[in-house]
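A quick write-up on the structure given underneath.
The values are calculated or read from the model by the stated rules, or taken from the named source; none is laboratory data. Keep in mind it's a predicted model, so treat the numbers as computed, not measured. As a convention, Cβ positions derive from the backbone with ideal geometry for all residues, glycine included, and neighbour counts pool all protein chains shown. Surface areas here come from the heavy atoms of the whole protein model, side chains and all, with no ligands, DNA or RNA. Shrake-Rupley method; radii C 1.70, N 1.55, O 1.52, S 1.80 Å.
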Amino acid sequence: MSQVPSCVLSFEHDPRQWSKWRRWMIALVIWNLIAPVDISPTFYSGVQEQIQDYFETTNFIATLGVGLYNLGATFGPLIGAPLSELYGRRPVYIGASVGFVSFSLGAALSQTIVSLLCCRALAGLIGSAVFSLYGGSLSDMFTPDERGPFVALFTIVLQGAPTIGPVPSSLLSATVHWRWLMGFIAAWGAIIMVLVICLPETEATAIQKRLAKDQREAMPGGSTPAQETWGVWSKALLTPMVMLCREPIVIWTTAYHAFVYGLLFILLEAYPQVYNALYSMSRQEAGLVFIAPFLGNLLGVLVYFCSLKPRYEAHQRAILVQSGGKREIAPEARLPGVIFSSLLTPIGMFWFTFSARPDVHWSLPVLSGVPVGMGMTLLQLSLFNYYIDLYPTRSASVIAANTAVRNFVSAVFPSIGAPLYNYLGIRNASLLLACISCIGFPTGVVLLVYGKRLRAASRWAKQDVVDVPDTSHALVFIDIQS
């Protein structure tokens, strides 16, 4: 039971007052719902060669199974967020899980490559709605002080699931038919779907509406249902676009984050080609290489929560003490994590560029994935927390814009990975990616140095509080004179 109520619902209906065991179980069910949805795009890559041979299609067409899934995931969260505001989180969770299982099963049973690709796109579109809900569910049930372990767990699955996805499918694809492996994702989702159907509603407004309906009372408020619906949809769809177009900080950081995240999907196609050409590895063997960036994801979570986060909180406490509670820590205090992560990714890519040679043992270029994975995780954690501090009233829209662009880029990148390495060659293509990944470091430094000026020019960014001199004595003197 939480010591801090939600301040919206009465004690007996407040999700924060449920037993600790019940709240943990609900959070773990949501975690397990996200896992198959998030692992599905890269899990496909392990069976891609089988699918290509089975349908006698080209590598480009087979690769679309990854890209179209990510394209659907570009729009799913933008649709899921307003639906949850209108109807509550539980119906959206149920709809997303049912849709994901149905179209994942459809992909496994597809008789043509066209139907398989369509099912993949729809599974990504419907299933990805859960990505816009989990943060709200955690906020419904836990106070900020209680959320720390869950933030770490959800970060691991959100970043680690697509990274580790090729490993199990690559291991099994040598002996198991692709239909069974695709069916495994559908079966996994179906098991979680049964549990999701049993979940209670946690969103405060939805609970209030249900209670009012049970008591046959009208909800307070002057807006009509049509006005409410239009307001929710316009806020969910238009605000992220406005923030993305008008905020330079959002534009540059989103572009870099999208590239770093999309890098995983370029490597998804590049690794099999590189390790086959240099070390005669099969696609199944090359899929195991992704264990290295997954270990980097885990290390990134540990570094953030064991080092960067405690340092930030200590700095925050020091500023509050020194100012007597009058000043808050600047959003730029989150940027050291962004800068550090923007060093790790190019280090890993340059490492891969110059170590991937036939005369160098394969383990050396494989280990280059560790700093790349660390950089991906640290960037997401640090950048999203920077957004939350920078845009207190618009952070959800900024994160939605970032996620949409990131997923769109990851829809395109799988299809350009193999052509890029074929055209430029292994060394030059890897060097190009390494050089592009260097852009993040100067971007972070510029934001650290000039962030205050950029915030001052923004309509929505948090502004520094100007110290106001204490005038209480003067006011007392004036009152006495009068």
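Give me the log10 of I(q) over I(0) for segment 349-461 at q = 0.10, 0.18 Å⁻¹, as the Debye formula computes it from C-alpha points; what are the numbers? Those come out to -0.43, -1.08, one per q. For segment 270-395, the Cα-based Rg and Dmax, in that order, read 19.1, 65 Å.
When the solvent-accessible area of segment 14-202 is split by element, carbon and sulfur atoms take up 72 percent of it, the probe being 1.4 Å. Segment 238-461 gives an Rg/Rh value of 1.03, both radii derived from C-alpha positions and Rh following Kirkwood. Between the helical axis of 472-481 and the longest alpha-carbon principal axis of the chain there is an angle of about 20 degrees.
Each of M281, V303, A314 was scored by the projection of its Cα onto the charge dipole of segment 263-358, and the greatest displacement toward the positive side belongs to A314; charges sit on the C-beta of Lys, Arg, Asp and Glu.
Heavy-atom accessible area for C438, with the other protein chains in place and a 1.4 Å probe, reaches approximately 50 Å².
Selection among L364, Y93, A456 by position relative to the dipole of the chain gives A456 as farthest towards the positive end (Cβ unit charges, Cα centre).
If Lys and Arg each add +1 and Asp and Glu each add -1, what is the summed charge of the other residues whose beta carbon sits under 12 Å from the beta carbon of V303?
Here the count lands on +2.
Note that the chain presents 46 Å² accessible area per residue, ligands and nucleic acids not counted, probe 1.4 Å. Taking label points 7 Å from Cα along the Cα-to-Cβ direction, I61 and S363 give a separation of 4.2 nm. The heavy atoms of I156 present about 50 square angstrom of accessible area, all protein chains included, probe 1.4 Å. Placing unit charges on the Cβ atoms of the charged side chains and taking the dipole of segment 149-298 about its Cα centre, the candidate lying farthest along the positive direction among H257, Q208, A161 is Q208. When the alpha-carbon atoms of segment 14-202 are used, the pair Rg, Dmax equals 16.9, 57 angstrom. For L133, neighbours were defined as the other residues whose beta-carbon sits under 13 Å from its Cβ, and their charges (Lys and Arg +1, Asp and Glu -1) total -2.
Annotation note: trypsin sites (Lys or Arg not before Pro) in segment 320-419 located in DSSP loop regions with a Cβ neighbour count of at most 12 within 10 Å are K326.
The calculated FRET efficiency for A456 paired with S307, based on their beta-carbon distance and R0 = 41 Å, is about 0.85.
Where only DSSP H runs of four or more residues are counted, the chain gives -25000 deg cm²/dmol as its mean residue ellipticity at 222 nm, each run worth -39500 (n - 2.57). Suppose the Debye formula is applied to equal point scatterers at every Cα of segment 96-162; what is log10 I(q)/I(0) at q = 0.15, 0.28 Å⁻¹? One equal scatterer on each Cα of segment 96-162 leads to -0.61, -1.11. Enter the Cα centre distance for the pair segment 56-78 and segment 135-192, rounded to the nearest angstrom. So the separation of the two Cα centres works out to 19 Å. Compute the long axis of helix 178-197 from its Cα atoms, compare it with the longest principal axis of the Cα atoms of the chain, and write down the angle in degrees, 0 to 90, nearest 10. Value to nearest ten degrees: 20.
Note on the chain: Rg/Rh from C-alpha atoms, Kirkwood Rh, equals 1.01. Think of each Lys and Arg Cβ as +1 and each Asp and Glu Cβ as -1; about the Cα centre, that makes the dipole of segment 238-461 roughly 760 debye.
Using a cutoff of 8 angstrom between alpha carbon atoms and counting only pairs six or more residues apart, the relative contact order for the chain works out to 20 percent.
Taken about its Cα centre, the chain carries a charge dipole of about 220 debye when Lys and Arg each add +1 at the Cβ and Asp and Glu each add -1 at the Cβ.
How large is the dipole of segment 155-216 about the Cα centre if only Lys and Arg carry +1 and Asp and Glu carry -1, each at its Cβ, rounded to the nearest 20 debye?
Around 200 debye, computed over segment 155-216.
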